[in-house]
Amino acid sequence: LNSATSAVDGLWRNNPGVAQLLGLCPLLAVSNSLRNALGLGLATLIALMCSNAMISLVRRWVRPEIRIAVFVVIIAATVSVIERLMQAYWHDLYQVLGLFLPLIVTNCAIIARAEAYASRMPLVAAAFDGLWMGLGFLAVLLLIGGMRQALGGSLPLLLLPTGGFIVLALLVALKQAIDQRVANRT
Amino acid sequence: MDARAYATPLILAAAVGGSVLLLALVQMHTAAPIAAAQLNAERAQLAALLPPLTPADHAAWDAPAAPVAIETGVELLRRFRVSRAGDTLTTVYEVRTSRGYSGAITLQISVMPDGTLRGVRVRSHRETPGLGDPIEIERSNWILGFDRRRLGDPPRERWAVKPDGGDFDALSGATITPRAVVDAVRATLEFDRREAAN
């Protein structure tokens with residue numbers, strides 16, 4: 001896999017949010033405003049890049065029977081470090097994201113990338129995969145956050161968790177429709 | 001046992017040990033900045049409820065040993081007194097009400113010596129995002145509706161949200177949340193007057 005297909009993969013074809021449907025819990029919970037979406041998206045992006053890189057570095061020593069445990073420890077440590085740093089140097093954003101930062105650990109998009117990609121690939125490729133997957137996740141968060149914030153004033157339903165599901169469903173449908181169109185044309 | 005059986009737990013232990021070491025390092029370097037940032041954030045929020053201070057002013061928290069119930073479901077947690085040359089300028093009461101829609105709402109209520117509200121801010125709450133959270137100053141100006149109010153303005157029977165026949169706006173889709181806040185502010189003002197009379 002070269003860098004270009006890795007980008008297409010993360011942003012469109014295998015987008016964590018609208019194609020793999022991974023990490024929906026934080027996606028729906030925090031996407032009620034643009035600011036929250038940006039904060040959580042960036043934190044997830046950094047966590048994904050760091051954990052992918054570290055898992056790629058240790059991949060030769062990790063035996064298959066304990067790989068999941070090791071991945072989880074690495075991801076949890078990465079997220080804890082990001083949380084502490086944000087709490088120390090970016091306190092405003094930390095106060096907004098609060099509970100959702102530790103929840104990044106449970107974002108299955110991260111463990112999925114660790115298992116499916118980073119544990120088999122060299123360092124640079126794994127880090128780039130984290131970057132593109134993270135950007136794909138961030139883009140979906142921003143789209144949903146932006147739509148909910150813009151339309152939530154006139155339609156308060158969108159600001160509730162229900163609204164998150166509805167907007168996400170519309171985005172997934174839109175992606176499928178576009179994919180189908182492209183497939184029919186060729 | 002073959003070497004492989006030993007290696008597996010050792011690898012796992014190494015991963016855990018490495019992570020613990022990393023976290024300990026980060027903890028060492030961030031403990032002080034985090035404490036400073038928390039203090040700053042707390043001060044910034046409080047500053048909005050205080051008059052401009054001079055270095056000679058005396059300002060300090062005092063907290064009862066246990067929360068004091070000032071009305072059913074409303075507890076005083078602690079208060080912040082600012083005084084200048086012996087005269088109280090402002091008292092900020094930190095109260096917690098359990099009458100919210102989902103869990104406790106903690107408020108900081110700033111009262112001038114004559115019983116007039118300087119302002120109210122929400123310190124923490126767990127109300128429904130999008131419905132109950134306009135009580136936060138970051139989301140709407142609703143909480144500013146308390147500025148300059150006191151007991152008697154409005155009169156006791158209209159210290160309530162509009163759906164209950166009072167003077168304070170309700171929030172669309174959420175009545176319980178603003179009702180809890182209005183009641184807690186009114187209870188605190190009454191408590192403040194009782195204290196002042198003593």
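The values are calculated or read from the model by the stated rules, or taken from the named source; none is laboratory data. Only a predicted model underlies this, so the values are computations on that prediction, with no experimental measurement involved. Quick reminder, even Gly has a Cβ in these numbers, built from the backbone with ideal geometry, and neighbours come from all protein chains shown. For the accessible areas, the whole protein counts, side chains as well, though only heavy atoms, and no ligand, DNA or RNA atoms are used. Shrake-Rupley method; radii C 1.70, N 1.55, O 1.52, S 1.80 Å.
The table below gives the values:
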read-out: In segment A:60-72, the residues that are closer than 15 Å to B:THR8 by Cα and open to solvent by 60 Å² or more (accessible area, probe 1.4 Å); value: A:ARG60, A:TRP61, A:PRO64, A:GLU65, A:ARG67, A:ILE68
read-out: Residue in segment A:96-116 that is without any contact (Cβ under 8 Å) to a residue 12 or more places away in the chain and closer than 18 Å to A:VAL30 by Cβ present; value: yes
read-out: Total residues in segment B:1-54, condition closer than 30 Å to A:GLU65 by Cβ, in a helix (DSSP H, G or I) and charged (D, E, K, R); value: 1
read-out: Only listed residue being open to solvent by less than 10 Å² (accessible area, probe 1.4 Å), closer than 18 Å to A:ALA29 by Cβ and out of contact with any Asp or Glu (no Cβ under 6 Å at 6 or more places or on another chain), chosen from A:GLY146, A:GLY130, A:GLY164; value: A:GLY164
read-out: Residues being touching a helix residue (DSSP H, G or I) at 6+ places or on another chain (Cβ under 6 Å) and open to solvent by less than 30 Å² (accessible area, probe 1.4 Å) - total across segment B:161-176; value: 4
read-out: Single match in A:SER56, A:SER33, A:SER3 (criterion: open to solvent by 30 Å² or more (accessible area, probe 1.4 Å) and either away from chain B (no Cβ under 11 Å) or polar (S, T, N, Q) (or both)); value: A:SER3
read-out: Among the candidates B:LEU131, B:LEU107, B:LEU144, B:LEU189, residue that is assigned to a loop (DSSP other than H, G, I, E, B) and either buried (at least 19 other Cβ atoms within 10 Å of the Cβ) or touching a Gly at 6+ places or on another chain (Cβ under 8 Å) (or both); value: B:LEU131
read-out: Residue match in segment B:73-81 (condition: in a loop (DSSP other than H, G, I, E, B), open to solvent by 30 Å² or more (accessible area, probe 1.4 Å) and more than 26 Å from A:ASP92 (Cα to Cα)); value: no
read-out: Test: A:ILE75 is touching a residue at least 24 places away in the same chain (Cβ under 8 Å), within 12 Å of chain B (Cβ to nearest Cβ), open to solvent by less than 50 Å² (accessible area, probe 1.4 Å) and under 15 Å from the mean Cα position of the chain (by Cα); value: yes
read-out: Total residues in segment B:110-121, condition touching a residue at least 60 places away in the same chain (Cβ under 8 Å), open to solvent by 50 Å² or more (accessible area, probe 1.4 Å) and part of a loop (DSSP other than H, G, I, E, B); value: 1
read-out: Close pairs from segment A:126-154: first within 14 Å of chain B (Cβ to nearest Cβ) and free of Cβ contacts under 8 Å to residues at least 24 places away in the same chain, partner open to solvent by 10 Å² or more (accessible area, probe 1.4 Å) and assigned to a helix (DSSP H, G or I), Cβ under 8 Å, at least 6 apart; value: A:MET147/A:LEU158; A:LEU151/A:LEU158
read-out: Search result, residues across segment B:85-101 that are surrounded by 15 or more Cβ atoms within 10 Å (Cβ to Cβ) and touching a strand residue (DSSP E or B) at 6+ places or on another chain (Cβ under 8 Å); value: B:LEU89, B:THR90, B:THR91, B:VAL92, B:TYR93, B:GLU94, B:VAL95, B:ARG96, B:THR97, B:ARG99, B:TYR101
read-out: Single residue of segment A:88-117 satisfying the filter (within 14 Å of chain B (Cβ to nearest Cβ) and part of a loop (DSSP other than H, G, I, E, B)) that is farthest from B:THR30 (Cα to Cα); value: A:LEU101
read-out: Close pairs (6 angstrom Cβ cut-off, 6 or more residues apart or separate chains): under 12 Å from B:SER102 (Cα atoms) and more than 10 Å from every other protein chain (Cβ to nearest Cβ) in segment B:122-133, open to solvent by less than 40 Å² (accessible area, probe 1.4 Å) and of a type in the set (A, V, I, L, M, F, W, C) anywhere; value: B:HIS125/B:ILE105; B:GLY132/B:ALA174
read-out: Checklist (1) within 25 Å of A:VAL18 (Cα to Cα); (2) open to solvent by 10 Å² or more (accessible area, probe 1.4 Å); (3) polar (S, T, N, Q) applied to A:GLN95, failing item; value: (1)
read-out: Top-ranked residue of segment B:22-48 - restricted to ones that are farther than 15 Å from A:TYR89 by Cα and among the hydrophobic types (A, V, I, L, M, F, W, C), ranked as most open to solvent (accessible area, probe 1.4 Å); value: B:LEU25
